[in-house]
Amino acid sequence: MDDQDNLQAMRHSLAHIMATAVTTLWPEAKLGVGPVVENGFYYDIDLGEATISEEDFPKIEAEMKQVIAADLPFEKSEKSIDDAIAWAQAAKQPYKEELLNDLKRTGTTVAKDLDSAELGLPTDGASQVESVSFYKNGGFTDLCRGPHVTSTGKVGAFKLMRVAGAYWRGKEDNPQMQRLYGVAFATEEELQKHLGLLEEAKKRDHRKLGKEMDLFTISDLVGPGLPIFTPRGTILRNQLIRFSEELQEAGGYQAVWAPHMSRVDLYKTSGHFDKYPERFDVSSVESSDAFMMKPMNCPHVTQIYASRPRSYKDLPLRYMETTTMYRDEKSGELHGLSRVRALTQDDSHAFVRQDQIELEMQSIVSMVKQLYMTLEMELDVELSFRDDTDKYFGEPELWAEAERILEKVAKDEELNYKVEHGEAAFYGPKIDIFVSDALNRRWQCATIQLDFVQPERFGLEYTDADGSAKRPAMVHKAMLGSIERFLSVYIEHTAGRFPIWLSPEQVRIITVNQTEPVVVFADKIVTLAKELGVRTYVDNSSESVGKKIRNAEVAKVPYTLVIGDKEITSNQVIPRVRSDLVVIAAHPELPVEDFIKTVANESKSRVNKTSL
RNA sequence: GCCACCUUAGCUCAGUUGGUUAGAGCAUCGGUUUUGUAAACCGAGGGUCGUCGGUUCGAAUCCGACAGGUGGCUCCA
């Protein structure tokens with residue numbers, strides 16, 4: 001057993017020890033599942049009327065420590081499936097009984113959040129389950145495949161972290177259990193290191209940095225999930241949008257524009273209306289028609305396509321639009337900029353012929369790669385395909401073809417991807433690109449979607465070379481995805497230390513004193529910077545130079561110039577460079593004009609390091 | 001929406017078992033200082049303790065509802 005396996009066994013054993021402690025303290029506790037997760041473990045527990053809160057943790061931890069101190073062996077045993085069911089009934093463990101019954105009937109459990117290691121499933125995954133294994137430590141016995149550590153004393157260091165609600169088997173209409181999360185490591189040092197990392201992650205939380213760096217704000221009066229952007233945040237936003245749009249223009253996309261609301265009928269035709277009830281109705285329109293805010297853009301765009309007859313020679317027809325849409329997310333799902341009710345997408349839709357799909361997908365993927373490479377972010381790619389349920393529209397043959405094309409493109413473009421069945425949109429399969437925030441939570445950003453369904457539902461056509469009417473396919477794409485969500489991840493990714501081209505303020509000019517020649521010289525630099533499109537701010541305040549330097553540092557401004565008599569005499573400056581941008585150790589003295597020009601060039605070429 | 005928890009000044013936080021005019025640092029404003037590469041000094045303003053209701057002689061403190069938030073669950077076109 002290597003260290004990694006051993007750590008897994010420790011964490012899994014701790015889940016059992018926690019369950020032991022909880023059932024000692026609350027004998028009526030009904031147990032769900034208790035698998036290993038990243039950095040630790042959890043156990044789902046139903047206490048009926050009672051609830052566990054974080055205040056109970058010291059008591060549970062004390063109980064767990066007793067079990068650990070007793071160093072009781074984990075003893076494995078086998079039972080036939082029917083004996084196991086009888087055991088669950090006798091032990092009054094209805095959730096275990098349900099799992100065992102499903103196991104007997106189908107050979108599997110379909111629970112989404114269930115780690116198969118938690119079950120007593122035979123390791124070869126045979127469909128016919130004859131027997132299941134149990135592990136016993138002291139007076140506590142649990143259905144479990146294992147493996148475990150040899151005895152309860154060998155579990156390393158742990159800490160209970162929090163309690164959360166979790167629906168039994170991940171289904172909203174099932175009873176909600178309490179999920180107790182713990183973290184665990186082989187040694188106390190590693191545990192402390194992990195807790196330290198969590199503290200570090202807090203410091204780069206985009207909600208905290210967004211406030212500190214004056215990028216955006218969320219007002220109760222405006223409403224939850226409706227972030228508003230300050231001048232600084234808007235510069236950041238617009239720089240990213242401009243980059244996305246420049247890439248798309250180079251790729252043959254034409255900008256279009258559509259209003260932010262429409263008749264409800266638009267979404268009834270597209271199929272979105274019945275699929276997604278989370279919409280914002282516009283109720284007071286003086287008309288018998290119902291209107292709503294747009295939750296997506298594609299239906300609008302189909303109407304641009306449909307506005308005139310199209311020839312096979314017109315395709316591909318590529319439309320792009322950076323625009324805001326509105327989705328009524330449930331209150332508990334809102335999260336800073338990551339999950340909002342008003343989201344802005346760098347959205348695009350290409351209408352293509354069947355024979356153009358693959359090439360189009362390929363060029364989009366390479367565009368996405370270029371964007372993320374420039375931003376120095378890793379691509380974490382998922383191919384979201386359909387499953388066997390009936391929630392998808394369209395012919396199965398078309399789906400199979402679409403999925404084949406997506407996978408081929410992913411292979412050809414050497415994407416490091418995983419296939420996820422059941423994650424497709426109702427109208428087609430997707431290539432989804434995920435990025436991770438400071439706490440390692442994955443968020444979907446870029447998405448590329450192949451769609452045969454909406455052209456069908458809107459009756460879109462083009463005239464082919466032989467004069468026959470043909471149906472185009474539609475390729476949806478968003479590269480940054482939701483700008484808001486992208487920013488949330490990007491702020492955490494960079495800890496607010498943006499590259500020069502994205503920095504809301506690129507050069508901070510600090511005056512040594514407020515005498516007239518100094519102020520005039522600072523103004524001269526600002527005028528020059530403005531002409532070249534460099535974003536500057538002059539700190540003329542009567543603070544000490546040390547304080548002003550510190551303020552510039554805290555604001556994470558890439559370059560700082562201290563201006564005094566020396567600079568006026570020589571017309572040269574010594575730029576102070578933010579530490580993460582430095583590539584050359586020496587900071588040369590530069591003529592003022594050269595310095596500003598260099599910053600302007602760096603900004604234009606979107607470099608991540610400085611050449612100063 | 002569901003579960004647990006949180007909400008005191010613009011921000012970060014004190015505030016004893018319910019007991020007089022609720023404190024600090026930073027920020028802001030005013031004054032002094034005119035500063036050379038990570039925090040000058042003095043002073044002032046700023047709070048219906050998230051909101052509403054209840055218990056009590058008395059509530060920031062106890063109870064309830066609501067709102068907002070945090071971590072999960074569910075959902076994510």
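The values are calculated or read from the model by the stated rules, or taken from the named source; none is laboratory data. A quick note: this is a predicted structure, and the numbers were derived from the prediction, not measured. Cβ sites come from the backbone with ideal geometry, for glycine too, and all protein chains shown count toward neighbours. Just so you know, the surface numbers come from the protein's heavy atoms only, side chains and all, with ligands and any DNA or RNA stripped out. Shrake-Rupley method; radii C 1.70, N 1.55, O 1.52, S 1.80 Å.
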*Measuring from label point to label point, each 7 Å out along Cα→Cβ, what is the A:T324 to A:H260 span in nm?*
0.4 nm
*Which distance in Å, rounded to a whole number, links the C-alpha centroids of the range A:253-301 and the range A:489-549?*
44 Å
*Kindly express, to the nearest 10 degrees and within the range 0 to 90, the angle between helix A:57-70's C-alpha long axis and the longest C-alpha principal axis of chain A.*
50 degrees
*Roughly how many percent of the accessible protein surface of the range A:19-115 is carbon and sulfur, given a 1.4 Å probe and a whole-percent answer?*
49 percent
*Run the numbers on the range A:482-605 and let me know its relative contact order in percent, using alpha-carbon pairs under 8 Å that are six or more apart.*
30 percent
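Quick check: residue separation of A:E188 and A:D173 times 0.36 nm, minus the Cα distance between them. What number comes out in nm?
On the way: separation 15, 0.36 × 15 = 5.40 nm, distance 4.00 nm.
Using 0.36 nm per residue and subtracting the Cα-Cα distance, I get 1.4 nm.
Given the DSSP H assignment, sum -39500 (n - 2.57) over each helix run of at least 4 residues in chain A and divide by its residue total; what's the result at 222 nm in deg cm²/dmol, nearest 500?
Working: 18 runs with 219 residues, N = 612.
Counting only the DSSP helices, I get -11000 deg cm²/dmol.
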*Determine the gain in length on full extension of the stretch A:D214-A:W26; use 0.36 nm per residue of separation and subtract their C-alpha separation, reporting nm with one decimal.*
62.8 nm
*Taking the Cα atoms only, what angle lies between the long axis of helix A:516-531 and the longest principal axis of chain A, rounded to 10 degrees?*
70 degrees
*Of the GluC sites (Glu not before Pro) in the range A:10-61, which ones lie in a loop per DSSP and count no more than 15 other C-beta atoms within 10 Å?*
A:E28, A:E38, A:E49
_Stretch gain in nm, segment A:T515-A:T374, where the contour uses 0.36 nm per residue and the Cα spacing is subtracted_ = 46.5 nm
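Expressed as a whole percentage, what fraction of the accessible surface of the range A:496-612 belongs to carbon and sulfur atoms when a 1.4 Å probe is rolled over the protein heavy atoms? Before the final figure, lay out the partial values.
On the way: 2960 of 5470 Å².
Ligands and nucleic acids excluded, carbon and sulfur reach 54 percent.
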_Sites A:K136 and A:K275, calculated FRET efficiency, Cβ-Cβ separation with R0 60 Å, nearest 0.05_ = 0.80
*For chain A, the fraction of alpha-carbon pairs in successive 20 Å shells from zero, as %*: 16, 39, 34, 11, 1
*On average, how much accessible surface per residue is there in the range A:471-612, in Å², for a 1.4 Å probe, leaving out ligands, DNA and RNA?*
41 Å²
_With all protein chains modelled, accessible area of A:Y537 [1.4 Å, Å²]_ = 110 Å²
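Which FRET efficiency value, to the nearest 0.05, do you get for A:K203 and A:D523 by plugging their Cβ-Cβ distance into 1/(1 + (r/R0)^6) with R0 = 35 Å?
On the way: r = 36 Å, r/R0 = 1.03.
Efficiency, from the Cβ-Cβ distance: 0.45.
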*In the range A:360-421, what GluC sites (Glu not before Pro) fall in a loop by DSSP, with at most 13 other Cβ atoms inside 10 Å?*
A:E376, A:E378, A:E414
*How much net charge surrounds A:K547 when only the other residues with a Cβ under 15 Å from the Cβ of A:K547 are counted, with Lys and Arg +1 and Asp and Glu -1?*
+1
_Between helix A:3-25 and chain A: long-axis angle, C-alpha atoms, 0 to 90°, nearest 10_ = 60 degrees
*Measuring from label point to label point, each 7 Å out along Cα→Cβ, what is the A:N551 to A:S283 span in nm?*
4.8 nm
*So what is the relative contact order of the range A:302-360, in percent, for Cα pairs below 8 Å that sit 6 or more residues apart?*
41 percent
